[in-house]
Amino acid sequence: MTDTPANPDLERTDPVRVLLLEDDTPLRERFARILEDWPGGELVAACATLDETLALLRQQPVDLLMTDLNLPDGHGIEAIHLLSKLYPNADAMVISVLADDETVLAAIEAGAVGYLLKDADPFELVESIEELRAGGSPISSSIARILVRRMTAPPPSPSGPPLTPRETEILRGIAKGFTYAELAEWLSISRQTVPVHIKNIYRKLAANNRSEAVYEASRRGLIRL
């Protein structure tokens, strides 16, 4: 009796398309080697800047974004926002040295479903990715303590000059990654007035860019990400 051949289509699993964002060259190369050696994944690119990552996300789909947070040209949360907008079924994992309460909370609220510190070893990193892709939320123990502590803390009270309803709407659009043109169309306002509102938002929040404005607004409880 001849054995029935296995169906290769049933056995084949597409590799996880991973996009890495890390500005520190030695760390980026270390993480890239780990990902290239992982048989379950395909490293799409290892980016050093936020701009490079945002451009690549707009060009091709990914399944997993692994990102640092503090970058020379912005904040990794902006990449998480764009990932969620373009690829709702994709996952985002933060790998950072930052472990303060506000940074962790902002990243989780932005859509990160995993948060590891940069001292993770290769085995822990791959194991965490596989856990995440299986539906889990791999989080370093120190990060888990922060989340537990924040769950029992009272919400922060708004401070500084209040935002107008229109400014709050624009800020929500910024958090979603909208362009000036998209904000104008979304709110049915002139494209020329959008930069004016954004300038006022930056001034009131003491922010220098979109990422800082979204982070500060979230920290003050002005918007929920």
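The values are calculated or read from the model by the stated rules, or taken from the named source; none is laboratory data. Predicted model, so just to flag it, every value in this text is computed and none were measured. Here Cβ is always computed from backbone atoms with ideal geometry, including for glycine, and neighbour counts include all displayed protein chains. Note: accessible area is taken over every heavy atom of the protein model, side chains too, but ligands, DNA and RNA are not part of it. Shrake-Rupley method; radii C 1.70, N 1.55, O 1.52, S 1.80 Å.
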Peptides ranked, highest mean first, by Cβ atoms within 10 Å: ranges 177-190, 199-212 = 199-212, 177-190
Spelling it out for residue 41: with amide H atoms placed in the peptide plane at 1.01 Å from N, the residues 5 or more places away or on another chain with amide H under 5 Å from its amide H are 16
Extending each Cα 7 Å along its Cβ direction at residue 121 and residue 192, get the distance between those two points in nm, one decimal.
-> 6.3 nm
With each pseudo-label sitting 7 Å past Cα toward Cβ, what's the residue 208-residue 102 distance in nm, one decimal?
-> 1.5 nm
Note to self: with every protein chain in place and a 1.4 Å probe, the chain gives an accessible area per residue in Å² of 53 Å²
Whose amide H sits under 5 Å from the amide H of residue 47, counting only residues 5 or more places off or on another chain, with H placed in the peptide plane?
-> 20, 21, 22
When the accessible area of the chain is computed with all protein chains present and a 1.4 Å probe, what percentage of it is carbon and sulfur?
-> 52 percent
Which of 31, 59, 114, positive extreme of dipole for the range 21-139 (C-beta unit charges) | 59
Once you list every other residue whose beta carbon is under 14 Å from the beta carbon of residue 17, what net charge do they have if Lys and Arg are +1 and Asp and Glu are -1?
-> -4
Residue order for 13, 67 - accessible surface, 1.4 angstrom probe, largest first | 13, 67
